[in-house]
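Before any comments, here is the structure.
The values are calculated or read from the model by the stated rules, or taken from the named source; none is laboratory data. The structure presented is a predicted model; accordingly, all values stated were derived computationally and were not measured. Counting neighbours? That spans all protein chains shown, and the Cβs are built from the backbone with ideal geometry, glycine included. All accessible areas refer to the heavy atoms of the entire protein, side chains included, with ligands and DNA or RNA removed. Shrake-Rupley method; radii C 1.70, N 1.55, O 1.52, S 1.80 Å.
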Amino acid sequence: MINQKFIVNLKNHSYPIHIGSKIFQSNDILSPASKGDRILVVTDTIISPIWKKIVLDFFLTNDMVVNEFILLSGEQYKNLHSVEMLLSFLLKNAYDRNTILVALGGGVIGDLVGFVASIYQRGIRFIQIPTTLLSQVDASIGGKTGVNHIDGKNMIGSFWQPISVITNVDFLFTLPYAQLVSGLAEIIKYAISFDYGFFEWLEKNIYQVLSLDLKSILYCINKCCILKSKIVTLDERENNCRMFLNFGHTFGHAIESYFEYLHWLHGESISVGMVIAIKISEKIGLLDSCQSNRMINLIQYSGLPISPPYDMSPQSYFPYILRDKKNSGGKIRIILPTSIGSVKIFDDFDRNVILSVIKSCWKK
Ligand code: GLY
């Protein structure tokens with residue numbers, strides 16, 4: 001058994017992240033929940049048959065009262081309808097304010113369950129048990145919760161921190177390969193945005209990560225969790241540096257929303273979004289072609305897409321870009337890389353530059 005622990009430091013609501021293998025053999029991961037608590041494990045139709053037993057048994061053997069609620073799997077179900085179903089289940093079964101919701105799944109389940117936890121009876125506790133690489137390195141940490149709207153990704157939501165995150169790397173062994181690759185997009189985002197050394201390490205070790213070598217995967221998850229928790233500690237509500245974590249997301253969210261959350265995985269969209277941002281940086285002289293090629297090569301070697309969808313015209317990005325949550329006063333705000341290991345916020349960005357770069361990457 002491997003069980004590493006560190007703390008996300010926040011004023012009134014710090015919490016532990018446990019990362020390991022065979023982690024449910026350890027009772028150390030229980031706190032701050034305790035014996036007798038009423039738990040509702042919320043998961044989806046894909047995760048439930050594979051992993052629910054191990055998780056439910058863990059809570060049962062710790063004398064908790066446990067039930068399960070299963071949602072349909074997929075980003076297209078991360079919406080207000082699913083929120084309402086879960087709220088109705090909680091009310092009909094008289095779950096009270098001491099209930100703990102457990103989000104067992106990827107980013108969709110984590111975001112949705114966190115959102116319900118933030119509004120049910122004005123807020124109840126929840127635990128994140130992320131099952132995808134993407135949610136283990138990014139989505140489960142930092143308390144962003146919410147659901148999608150047909151007109152925009154994550155447009156309805158709240159900041160609501162979990163009471164703990166339990167990351168079991170063994171979940172990754174049953175993850176479809178496309179989902180694993182999708183998770184790499186967020187890992188590469190952390191390297192490009194914050195850490196040249198990590199970027200170099202990924203260039204050398206990407207295949208070990210993709211083949212789920214335990215030491216390499218644990219290194220990546222730890223690295224991203226440390227980088228993310230530092231940022232969240234500095235700027236929980238995304239007023240400044242947390243926006244760096246949105247590198248690639250302005251354009252990626254446009255792609256996901258345009259295809260109604262059906263055809264492009266989050267990491268795939270973010271990957272193309274990062275390539276567009278990198279090319280904008282190169283166009284305006286922030287990056288030389290050598291740096292930009294290195295970034296795009298790493299993205300491509302990981303198996304991630306680097307070209308925008310041919311069936312989405314360059315103009316179609318703009319309704320989504322103009323509604324992006326980072327914008328202020330009707331002006332476009334984007335995050336661009338300035339070197340390998342650093343990104344910057346750019347305000348009132350020229351839409352013609354964006355359009356010309358998307359056009360240049362777009363092949364019909
Ligand atoms: N996934 C970006 C953030 O949590 O801020």
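Is it the case that Y190 is surrounded by fewer than 24 Cβ atoms within 10 Å (Cβ to Cβ) and either hydrophobic (A, V, I, L, M, F, W, C) or not in a loop (DSSP other than H, G, I, E, B) (or both)?
No: the conditions fail for Y190.
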Restricting attention to the range 258-278, report how many residues are surrounded by fewer than 23 Cβ atoms within 10 Å (Cβ to Cβ) and assigned to a helix (DSSP H, G or I).
2
Sort out which residues of the range 70-118 are aromatic (F, W, Y) and closer than 24 Å to L265 by Cα, and write them in order of number.
Y77, F115
Could you say whether any residue in the range 37-48 is among the acidic types (D, E) and not in a loop (DSSP other than H, G, I, E, B)?
yes
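Does M295 meet the test of being within 16 Å of the ligand (Cβ to nearest atom), more than 21 Å from H149 (Cα to Cα) and either modelled with pLDDT under 95 or crowded, with 20+ Cβ neighbours inside 10 Å (or both)?
Criteria not met by M295.
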For the range 73-98, which residues satisfy the criterion of being among the polar types (S, T, N, Q), part of a loop (DSSP other than H, G, I, E, B) and under 24 Å from Y261 (Cα atoms)?
S73, N79
Answer with yes or no whether I70 is among the aliphatic types (A, V, I, L, M), part of a strand (DSSP E or B), open to solvent by 10 Å² or more (accessible area, probe 1.4 Å) and more than 21 Å from F159 (Cα to Cα).
yes
Would the range 341-355 turn up any residue that is part of a helix (DSSP H, G or I) and open to solvent by 50 Å² or more (accessible area, probe 1.4 Å)?
yes
Just give me the residues in the range 116-153 being more than 23 Å from I255 (Cα to Cα), crowded, with 24+ Cβ neighbours inside 10 Å and β-branched (V, I, T), in sequence order.
V116, I127, I129, T131, I141
Subset tally (residues that are assigned to a strand (DSSP E or B) and surrounded by 14 or more Cβ atoms within 10 Å (Cβ to Cβ)) for the range 6-19
6
Within the range 254-273, can one find any residue that is over 16 Å from Y320 (Cβ atoms), touching a Cys at 6+ places or on another chain (Cβ under 9 Å) and either more than 10 Å from the ligand (Cβ to nearest atom) or in contact (Cβ under 8 Å) with a residue 12 or more places away in the chain (or both)?
no
Odd one out for A103 among (1) within 22 Å of G303 (Cβ to Cβ); (2) in contact with a helix residue (DSSP H, G or I) (Cβ under 6 Å, 6 or more places away or on another chain); (3) open to solvent by less than 10 Å² (accessible area, probe 1.4 Å):
(1)
Taking into account only those residues within the range 224-249 that are closer than 16 Å to Y15 by Cα and among the basic types (K, R), which is surrounded by the fewest Cβ atoms within 10 Å (Cβ to Cβ)?
K230
Just to verify a result, which residue in the range 159-177, among those that are away from the ligand (no atom under 13 Å from the Cβ) and open to solvent by 20 Å² or more (accessible area, probe 1.4 Å), is farthest from Y219 (Cα to Cα)?
I163
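Look through V113, V83, V108, V102 and report the one residue that is in contact (Cβ under 8 Å) with a residue 60 or more places away in the chain and more than 29 Å from G36 (Cβ to Cβ).
When all the criteria are applied, what remains is V108.
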Just a yes or no: is a residue in the range 79-99 open to solvent by 10 Å² or more (accessible area, probe 1.4 Å) and either within 16 Å of the ligand (Cβ to nearest atom) or touching a Pro at 6+ places or on another chain (Cβ under 7 Å) (or both)?
no
